[in-house]
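Structure first, then comments.
Just so it is clear, none of the values below were taken in a lab; they were calculated from the coordinates. Please read these numbers as outputs of a predicted model, since none were measured by experiment. Every residue, glycine as well, gets a Cβ built from its backbone with ideal geometry; the counts of neighbours run over all protein chains shown.
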């Protein structure tokens, strides 16, 4: 049985990108973000790869994601970026030796209500300007008092999150860095500021105890105007389908729903077996680049649930059965995302369970790990 849509994840690329992160932050430990199913790449195989490569910690959004990794026998430290939502989650986090990011005093109160024998590992997240989660910087003295009255807690450190690190001309990032440092001046505890954009665009943010890369580990760029390859990264995920039809039409023929595309001249139109039910954004406009059998082609008309139609004028040798490349090293996901008015993050995370995942190692052998 042939796969309609295949996502091939190169684990060697994940390892390469981790090395690039370490090269850019040589004095820092690496907390790799594997939340959202490792940005759609498969949390368990990616976490296993990172663990074998010696990553210092993993980061997930919620306890369900952490438990999936523990059930797969991942023993690397795991951090809950959104913390805990209940006493039940706090107890599970303690039992599984998860690091809890505390964002609000109600979470502090919840942990302080637990038995003193509970083994708790905590981070404090400070809001230096993102204004999403985190304690205000003015709360640092109160948080220091929390630590003093809970000597049994294992304190992991202080973190913050950058709001505009992908905007290189925005002074807000430097203000956040300076305000975070000033609020913690003279206090003990590890510091963590840099996400992928901070790591790649703001070297001063990476000069802390921990960095927390996400997108960079998967080989895509968080910085506008650049793709991962420009930054020394290797795209880890290649998404492919197949050409299932090729037809010739006269000038003026309408293609697909709404006849949204009109053939400007006599031309060939191809059909690929992939659509928005697989995760290809319906917002992709005509003209978005695709490769068919290694030749350039472009989307023509609206994305359907199960199919896309393609302008094959630049791919005269294309035949039914040819591979259709949506994104990968030869066609970075960032380019397709720009045509959809979105980001590579959303393309990766939007892949559905209709997509067949395959994993390859550096030798090219396939591993069924998902």
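Assorted remarks:
- Condition met for residue 242 (free of Cβ contacts under 8 Å to residues at least 40 places away in the same chain and in a strand (DSSP E or B)): no
- Single unsatisfied condition, residue 242 versus (1) farther than 30 Å from residue 189 by Cβ; (2) touching a strand residue (DSSP E or B) at 6+ places or on another chain (Cβ under 8 Å); (3) surrounded by 22 or more Cβ atoms within 10 Å (Cβ to Cβ): (3)
- Residue among 133, 120 that is surrounded by 14 or more Cβ atoms within 10 Å (Cβ to Cβ) and free of Cβ contacts under 8 Å to residues at least 40 places away in the same chain: 120
- Residue in the stretch 210-225 that is surrounded by fewer than 17 Cβ atoms within 10 Å (Cβ to Cβ), on the phi < 0 side of the Ramachandran plot and touching a helix residue (DSSP H, G or I) at 6+ places or on another chain (Cβ under 8 Å) present: no
- Residue within the stretch 164-176 that is surrounded by fewer than 14 Cβ atoms within 10 Å (Cβ to Cβ), part of a helix (DSSP H, G or I), without any contact (Cβ under 8 Å) to a residue 12 or more places away in the chain and on the phi < 0 side of the Ramachandran plot present: no
- Annotation for the stretch 289-300: at least one member residue is surrounded by 21 or more Cβ atoms within 10 Å (Cβ to Cβ) and more than 23 Å from residue 236 (Cα to Cα).
- When the stretch 1-25 is filtered for residues that are in a loop (DSSP other than H, G, I, E, B) and touching a helix residue (DSSP H, G or I) at 6+ places or on another chain (Cβ under 9 Å), only 25 remains.
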